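To start, the structure under review is shown below, and the notes come after it.
Each reported figure results from applying straightforward, stated rules to the coordinates on display, with no laboratory input. Small disclaimer: the values here were computed from a predicted structure and weren't measured. Every residue, glycine as well, gets a Cβ built from its backbone with ideal geometry; the counts of neighbours run over all protein chains shown.
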Amino acid sequence: MGKASRNSPSPARTRALLAALFSPAEWGERESRLAEDRRLAETAGAEVVATVVARRERPEAATLFGRGKVEEIHSLLQEVGAELVLVNRSLTPTQLRNLERAWGLPVVDRVQLILDIFAQRARTRESQIQVELAQLQYLLPRLAGRGEALSRLGGGIGTRGPGETKLEVDQRRIRRRIHLLRKRLAEVERSRATQKRARLRRGIPQVVLVGYTNAGKSTLFRALTGAEVLVEDRLFATLDTTARRLRLPSGRTVVLLDTVGFVRDLPTFLVAAFRSTLDVVREADLLLHVVDVSEDDWEEKMRVAEEHLRALHAEDIPRILLLNKKDRLPPEKWPTPAGLFSDSSRAVLLLSATDPQDLSRLRAELDSFFARADALSLEAPPPPTPPA
C-alpha cells in the first residue's frame with residue numbers, strides 16, 4: 001500500500017526522492033511525519049522532487065521496502081531526475097548497501113540526514129567533536145561497498161563532517177579516531193564539572209530550556225535575556241549550548257541555558273555522543289519544556305521530548321511546561337493547561353515569546369518557583385550527624 005507525489009524542483013538544491021515507510025500504527029501520523037522529513041531535507045540542502053509512501057506491518061529485512069515498492073521507486077528516480085534518495089527510517093548496513101545497488105544512487109537514511117544537519121550547524125569545538133564522533137560511529141559498520149556511492153555523491157548531503165578521505169580509511173584508523181575524540185570529550189566534561197562546582201559555590205540556579213526542535217526555545221531565550229542568538233524557523237537552528245544570566249523581578253539571578261532540540265527516532269549512539277552537551281539537562285535545577293502548540297501534532301512532540309528526558313534520567317527534575325506560539329492560533333483554539341496533566345501541581349503556562357506580558361508572567365513564575373524551593377530547603381531537617 002502506498003502512493004507517490006511530485007513537487008516542483010529547485011535547481012539550486014540537490015534533487016532528492018523521499019521514500020517513506022510507515023507501520024499501521026504510524027499511518028495516521030504520516031502527514032505530520034512527512035512534513036518533518038521534508039523540512040529535514042530542506043535544512044540539509046535538498047529539494048524533495050518526489051515522495052513515495054509505503055505501509056507495511058514489518059520492514060523487509062534486506063531492503064526495508066517490498067520488492068514492488070523498490071522497483072516503483074527505481075522507475076520514478078530517472079523520471080524525476082533525482083540525484084539522491086532519502087529514507088525516513090534508520091537503515092541497517094545491509095539495507096543501505098542493497099538499496100544503493102538497486103537504485104544506483106546514493107541513499108541517505110534519517111540518521112545520516114540528521115548528522116549532516118548537525119555537521120552544518122556545529123560551531124563550537126565541543127559540538128564539532130560530538131558530531132564527528134557520532135558520524136564515525138554511524139559509518140563504521142557501513143563502510144563496506146560505499147566507496148562508489150560516496151564518490152558519486154561528491155561531498156554533498158550525507159558526507160559533511162569527516163569528509164570522503166576519512167570515510168574511505170580502514171576500520172582500524174576510524175576506531176583510533178573514535179578513541180581520540182572520546183578522550184577530547186572527556187576533557188570537555190572535566191572542564192564542565194569544574195564550572196559546575198564554581199556555579200554551585202556561588203549558589204546560582206541553572207534553568208534549562210528543552211523541547212522538540214523548532215519549538216521556539218531560542219526565540220524565548222533571546223526574548224528573556226536579550227542575547228544575540230541565532231533564531232530561525234528551521235529544524236536544529238540551535239546545536240551548541242548557550243548560557244546567559246537572567247535577573248528575575250525579585251533581584252535573584254539564574255543562569256538560563258538554550259540546548260539542542262529533540263526529534264523523533266534519535267538513535268541511542270547519537271544521544272550518547274552528545275552526552276557532554278546534554279549533561280546540562282541532567283544538572284538543571286529547573287527545566288522549561290517549550291512546546292509549539294500551533295502545530296497539529298504538538299501533543300505527540302511533547303510526548304517525544306518527555307521520552308528523551310526520561311532517557312536522560314531527567315524525569316524527576318522540576319519543570320514548567322511552556323505552551324508556546326499561542327499568537328499563531330485564534331483564542332478559541334488555545335489548549336487548556338488545566339486538562340493536560342493529572343498532577344494539578346504541575347506548572348503550565350500558555351504564552352507567546354513575543355508578548356511582553358507573557359514574558360513578565362514567566363519571570364514571576366520563575367521567582368515563585370525558587371522562593372518555594374528556598375522555603376522547602378529551610379524546612380528540611382538537617383542531615384544526620386555521622387557516628388564518632
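Tabulated values for the structure
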{"quantity": "Ascending count of other beta-carbon atoms within 10 Å, so fewest first, for K326, K217", "calculated": "K326, K217"}
{"quantity": "Separation in nanometres of the label points that stand 7 Å from Cα toward Cβ, at T354 and F269", "calculated": "4.2 nm"}
{"quantity": "Using a Förster distance of 51 Å, the FRET efficiency for T94-K333 (Cβ separation, nearest 0.05)", "calculated": "0.65"}
{"quantity": "For region 203-378, share of DSSP beta bridges that run antiparallel, in % to the nearest 5", "calculated": "25 percent"}
{"quantity": "Interchain or long-range residues, amide H under 5 Å from A347's placed H", "calculated": "L321"}
{"quantity": "Residue-span extension gain [L143 to D316] - 0.36 nm each, minus C-alpha spacing", "calculated": "58.2 nm"}
{"quantity": "In order through region 88-95: 3J(HN,Hα) via Karplus (6.51 cos²θ - 1.76 cosθ + 1.60), integer Hz, x for Gly, Pro", "calculated": "7, 10, 7, 9, 6, x, 5, 4"}
{"quantity": "Built amide H within the under 5 Å cut-off of V210, gap 5+", "calculated": "L288, H289, V290"}
